[in-house]
Amino acid sequence: MNFRGVFIEILQVAALLGLGPLFIGWVRMLKCWSQGRSSAGLLQPYRDLAKLFSKDVVLAENASWIFRFTPYLVFVIAVLAGGIIPILSVDLPLAPTADVIVLVGLFAIARFFTALAGMDIGTAFGGMGSSREMTIASLAEPAMLMSIFTVSLANKSTSLAQIVQVICSGQSILRPSIAFAFLAFVFIALTETGRIPVDNPATHLELTMIHEAMILEYSGRHLALIEWAGMMKLFLFIMLGIASFAPWGIAETGNIAGVVQAFVYMILKLGIVGVGLILIETGLAKMRLFRLTEFLGAAFLLATLGMLSFYILE
Amino acid sequence: MNLQIAAQINSFLAAFVLLTAFAMLAQRRVYGLIHLFTWQGLFLSINTALVGYVASKHHLYISSLLTLSLKVILLPYILHVLIVRLKIRREVESVMNIPLTMLIGIALVIFSYHLTAPVRELSTLMTRSTLAVALATVLIGLLMMITRRHAVTQIIGFLAMENGLFLAATSATYGMPLVVELGVALDILIAAFIFGIFFFHIHTTFDSLDVEKMARLKEGD
Amino acid sequence: MIFSPIEVACASVVLLLLVVFVAAMLKGSQRLLIYAGSLLTSVSSLCVAAAGAMTVGSGMTERIVLMLGLPDLPFHLRLDPLAGFFLTVVGMLSFFVSVYSAGYLKGFLGHRSVTRLVVFYSLFIAGMFMVVLADDALIFLISWEVMAAASYFLVMFEDERQENRRAAFLYMVVAHVGAIAILLSFGVMAGLATGFTSFSGYTFDAMRQAKFPLEWATAAFLLSFFGFAAKAGVVPLHVWLPEAHPVAPSNVSALMSGVMLKTAIYGIVRITFDLLKVYPWWWGAIVLVFGLVSAVMGVLYALMQHDLKRLLAYHSVENIGIILIGIGLAMLFTSFNLPMLAALALIAGLYHTMNHAMFKGLLFMGAGAVLHATNERNMEEMGGLIHRMPWTAALFLVGCVSISALPPFNGFVSEWLTFQAFLLSPSLPSPVVKLLMPMGAALLALTGALAAACFVKAFGVTFLGHWRGHHNPHVHEADWFMRSGMIMAAMTCLLLGVFPTVVIDWMDVLSEQLVGSKLSTSAGVFGWMWLTPIAPERASYSGPVVFIGFILIFAAVYVVLHVKAGKISRGPIWDCGFEKINARMQYNATSFAMPIRRIFGFLFDVREQVGLSPQSAHPAFPKRLNYRLRVRDRFWGWIYKPIIETSFWVSRRIGNLQRGRIQVYLIYSFITILVLLVFVR
């Protein structure tokens, strides 16, 4: 029984649960600064979650068990993914449970049930959100897979622990295939986490909602779970990107010094990613729904170019 | 710097040239096309200088400077002036929809990879793998000329083809003799001037530069 | 064991044939007939499934020669692991559906007689078993015909409606065109096996020993692939599937979609891997391309449907495509001499065969329960059924999650294995093939995601929301027989998803015999809980850990939150201030699929028409809105209509031979006599 590994797992999940809202707070703060407003503070998401947890739940009269089950499922999947992705260390007992494709599948099941929950109430908002979300997800899948394929070509594996180890021990940093795959991954991450230019996370206008439309009916602790899971999903996608493309700093073994160092590196990288995210969000506008085919087509093209560069140039 | 890092940077630059070629296929705005063309020229000139440094062929430095002045500074300026004078609209339409054009572009890349495979086996140069990218850029430039309806985009497609040829020369034989390169550069410059003159005439006659409208210039109608 | 597996299988087939006599006897008492028929078919299916499972587990092969058949051409039967695997698949689903039928057929009591249904149902299952057991061309084709004819009568069960008759006729025509191709293929192989000297080439053993020259082997392969593809519903030979499967009774649809299509896959695998054995790489490429096209087109067609059973039928086209992708990859890797990778691809394809049988059977059984309860096949008239039919809804949900390839259920395992097979394509020597494979993988990813979208639509519109129809019938839950059939299928889906290493261990002998390499040595090397197909560093998936992880974390979160739980109160839905919200304002199937229809509509013939009839005052306030949508299959116009019209034209010309006057017929006889006299001289 690898106690050190279990301890690191618990530490990772705790970091995920604790730092997910903090990262969103950082992103919102940067956004306010860039727009010349004063922000609500770095800790506001915690206060929001606490408020929601203490409130009562109001369900629609015809809400079924699927509606009540979905927030728990989405939260559970985020926590489970947090135990699988190497955030602090590669030495995780749960790491062989899933490779990158299984992770994509886990997020897919969360999305499936969220879409069902949107259809459950029987209003036009929910159906609209579900329809749009599933369409966008199906367009993003080929690009995601091609990006994974390119990364796995270079590292000869789809297991994240292995990818981290190969990149950390390898010499070649400048590879066009990885650069293209990284760009494609950025597009896909923006799509999957519902940021601008795909979906506006702060909107409540029915013509512009995608993710918000599906969860419009939720209240109380259900909404708290879903919001928290959304924050964790953004955190996890960033961690996935870091593990696949820039994993320097993640501890190779389980010793404490390495884990602490990995934690510091992680905070630094998150800070930088937050700045990058805000640059994208303030620089671009949300795209029309049917323009997203071009956006995701561009992501697919970049990933394909990455794959082709691997064979042609390397 | 050692050979390995130079080879990696060379691959990177070739990949970016290919990326700009695809981006030009997808781009809708005329100013965007000119900017992409400028970037392509820039990557090309840096690549030429790098190959010159590694292979110790000093005439490639002169080629690189020539490319820089011509393709990054002079030609975009000429095209810019052209667009302003002709009061061309900002957006250009294409014959086929963009995703289909992209798929054909990818097919062309795979095709040129397949075609240059024998050269890759026999060549000993560091840049042998970029030959496929160069051939693909030429073909994509031709595709751009086919799928666009506006005359200015067709000239940019022609210039992109020339970029591809230049890259092919660099990667297959470490550059052409300097005399040939000077001659080609001069030809490109003259071609740009001639195109400009023709555009003025066409615009005055047809009041538009949409090549679809010129389809009426045929025998049986 | 007292009886050997092949004897058990034959006895069960005989039992199925006996059902015909039992039905004749019990014709009067329909209720007793239903129970007796269901009991006999389920018992025999279960025995056959057990026999098949034991054969695969033991890896042994048995043969029997029956003294039936033509003189000098007896019937040969053989039960080897490949046949055993397919017997297990067919037998298990037949067992579940037979239990389900006991409840489903009771819905017909009082309206029509089910004698025909019971008789042809057991003949259908018997035919399928015999196809898998056959070891020579003669009994294979006879059983194939029995299967096709029995299913034709089953599809035509409710024959008072013209569309049912038309669907059954189309099915018959395509099935027979396919059967002719298979017959020709067997003819080529049998003839070449003995050098056209004797009739004994018709046995599969003779075909196995023979060495075929490449052109003839290619001809045989192409003919048999065409024939089996027609039966499997591969694009473009798929047009009969969405017509025939919906009009059949739902238990029959479950079997047709679930296992009859698999007999075609069995045929392809048997002929390619067992009888022909050595082939060039482009055969595998053909199978792979057809698989990819069927997968993508199948799921896109499914997204355009609003009839629940038609949607499920198109999904069968898609899943057959995915199975063919696995098999095509296996063929490709075998022709390049990479047996380990071929084993992975083959196991992926065969695993998906079993998975599809289970979840498609489950979905059709659920659709049947809904049809039984509401008398409605159109999803746009349904909704909110989760409250009135909770069991059916939950079990249908299991089917939806499985078919969308979501962990921890079974669909995910086979898709994951197929992706891993694609990811191994860098090992191929041919550079162009290497570059095109990732595109295939991307198409497979697109298919999976579109399938998930389609099933959100299907489940959401049918079971969730409010009832969309105009009338409000008395909807009741399915009875316990139907529920048991569905529960068993759902449990199998879960078990196949959570314990993949055990299943691969069992199936392992198949890949060893067909492509020459075992997968289980590497698959289970990390431990029985982890599936590591090539090597643990390469990729790994643990079904049990994911499943247990879900349950534990769920329990933990639930307990933590309910220590001091707030109240849950119910209220009306949020209507944004618009008080007159009604059930017709929900999203239905057509609206849900609208973005996808806009994006992918260029592949179909889509006509949308919106008509506004305004009130007298102003066109901005319409009184009524008419919306008409027609989505048509382009293949019908390109391939089928020209062929149909040409054949009618040719028939009319030939029909001119029949003048109706006796002198003309006498002239025909006269000319024939003259010609014969000239030639016999």
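The values are calculated or read from the model by the stated rules, or taken from the named source; none is laboratory data. All values derive from a computational prediction rather than experimental measurement. As a convention, Cβ positions derive from the backbone with ideal geometry for all residues, glycine included, and neighbour counts pool all protein chains shown. Ligands, DNA and RNA are excluded from the accessible area calculation, which covers all protein heavy atoms including side chains. Shrake-Rupley method; radii C 1.70, N 1.55, O 1.52, S 1.80 Å.
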Shielding by partners, peptide A:295-307 (average Cβ within 10 angstrom, other chains): 5
For the residue pair C:Q609 and B:T124, what label-to-label distance in nm results when each label sits 7 Å from Cα along the Cα-to-beta-carbon direction? 7.4 nm
Total Å² of accessible surface buried at the C-A contact, 1.4 Å probe, nearest 100? 6700 Å²
Run the helix sum for chain A: -39,500 (n - 2.57) per DSSP H stretch of 4+ residues, divided by residue count, reported at 222 nm to the nearest 500 deg cm²/dmol. -24500 deg cm²/dmol
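For segment C:332-402, what mean projected area does the convex hull of the alpha carbons give, in nm²?
That works out to 6.2 nm².
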Distance between Cα centroids, segment B:133-173 to segment B:16-71: provide it in whole Å. 12 Å
Under the Karplus relation with 6.51, -1.76 and 1.60 and θ = phi - 60°, whole-Hz ³J(HN,Hα) for segment B:66-73, x at Gly and Pro, equal 4, 4, 4, 5, 6, 8, 9, 10
For a Förster distance of 41 Å, can you work out the FRET efficiency between the beta-carbons of A:N255 and C:I551, rounded to the nearest 0.05? 0.80
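Here are some pairs, C:K106/C:K360; C:K106/C:K580; C:K434/C:K518; A:K156/B:K71; C:K27/C:K641; C:K309/C:K567; which of them have Cα atoms lying more than 31 Å apart in this structure?
C:K106/C:K580; A:K156/B:K71; C:K27/C:K641; C:K309/C:K567, as the Cα separations exceed 31 Å there.
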Sequence gap at least 6, Cα distance under 8 Å: using those rules, report the relative contact order of chain B to the nearest whole percent. 23 percent
If one puts a single equal scatterer on every Cα of segment C:549-598 and applies the Debye formula without solvent, what log₁₀ I(q)/I(0) results at q = 0.25 Å⁻¹? -0.93
In µm²/s, what is D for segment C:636-679 at 25 °C and 0.890 mPa s, where D = kT/(6 pi eta Rh) by Stokes-Einstein and Rh is the Kirkwood radius from Cα pairs? 190 µm²/s
Let me check I've understood the local charge: for A:A78, count other residues with C-beta under 13 angstrom from its C-beta, Lys and Arg +1, Asp and Glu -1. What total comes out? 0
Which longest uninterrupted range of chain C lacks any GluC sites (Glu not before Pro) assigned by DSSP to a loop state (not H, G, I, E or B) and surrounded by at most 14 other Cβ atoms within 10 Å? C:161-578
Between segment C:147-170 and segment C:96-131, what is the C-alpha centre distance in whole Å? 15 Å
Residues of C:376-386, mean number of Cβ from any other protein chain within 10 Å of their own Cβ, rounded to a whole number? 1
Loop-resident sites, segment C:1-60, for chymotrypsin sites (Phe, Trp or Tyr not before Pro), counting at most 13 other Cβ within 10 Å (DSSP): C:F3
Quick one: Cα centre-to-centre distance for segment C:569-611 and segment C:416-461, in angstrom? 29 Å
To the nearest µm²/s, what D does Stokes-Einstein give for segment B:3-214 at 37 °C and 0.692 mPa s, using the Kirkwood radius over alpha carbon pairs as Rh? 187 µm²/s
Pop out the carbon and sulfur fraction of the accessible area of the protein assembly as shown as a percent, whole number, probe 1.4 Å. 68 percent
Non-local residues with an amide H under 5 Å from the amide H of C:D605, with H modelled 1.01 Å from N and Pro and chain starts lacking one, are C:R632, C:R634
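Give the average, rounded to an integer, of partner chain Cβ atoms located within 10 angstrom of each Cβ in C:540-551.
5
Please compute the Kirkwood hydrodynamic radius of chain A from all pairs of different C-alpha atoms, in Å with one decimal.
Evaluated on chain A, it is 20.2 Å.
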If amide H atoms are modeled at 1.01 Å from N in the peptide plane, then the residues at a separation of 5 or more from C:E62, or on another chain, having amide H under 5 Å from its own are C:L79, C:D80
By the DSSP-based rule, helices of chain A that are at least 15 Å long along the axis (C-alpha) and have a mean Kyte score of at least -1.0 are A:3-34, A:44-54, A:65-84, A:100-120, A:124-155, A:176-192, A:220-245, A:256-283, A:292-313
Ordering C:C10, C:C576, C:C454 by how much accessible area each has at a 1.4 Å probe, largest first, what is the list? C:C576, C:C10, C:C454
Mind jotting down a quarter of the surface of the convex hull over the alpha carbons of the protein assembly as shown, in square nanometres, one decimal? 60.5 nm²
List the lysines whose Cα sits under 25 Å from the Cα of A:K269, skipping any in the same chain fewer than 8 residues away. A:K31, A:K233
Please list, short to long, the whole-number percent of alpha-carbon pairs of chain C in consecutive 10 angstrom bins beginning at zero. 3, 14, 24, 25, 18, 9, 4, 2, 0, 0, 0
Could you give the accessible area per residue of chain A, probe 1.4 Å, as a whole number in Å²? 34 Å²
Counting only Cα atoms, I'd like the Rg/Rh figure for segment C:395-469, Kirkwood definition for Rh. 1.17
Averaging sequence separations of C-alpha pairs under 8 Å and six or more residues apart, then dividing by the length of chain A, give the relative contact order as a whole percent. 30 percent
Leaving out ligands and nucleic acids, note down the accessible area per residue over chain C with a 1.4 angstrom probe, in whole Å². 40 Å²
Checking segment C:439-535 for chymotrypsin sites (Phe, Trp or Tyr not before Pro) in a loop per DSSP with at most 16 other beta-carbon atoms within 10 Å yields C:F526, C:W528
Cleavage-rule hits (trypsin sites (Lys or Arg not before Pro)) in segment C:566-624: DSSP loop, at most 16 neighbouring Cβ within 10 angstrom: C:K567, C:K580
Local electrostatic count, B:L70, Cβ distance below 14 Å [Lys/Arg +1, Asp/Glu -1]: -2
Enumerate the aspartates and glutamates that C:K564 could reach by cross-link, defined here as Cα to Cα under 12 Å, with residues fewer than 8 away along the same chain left out. A:D56
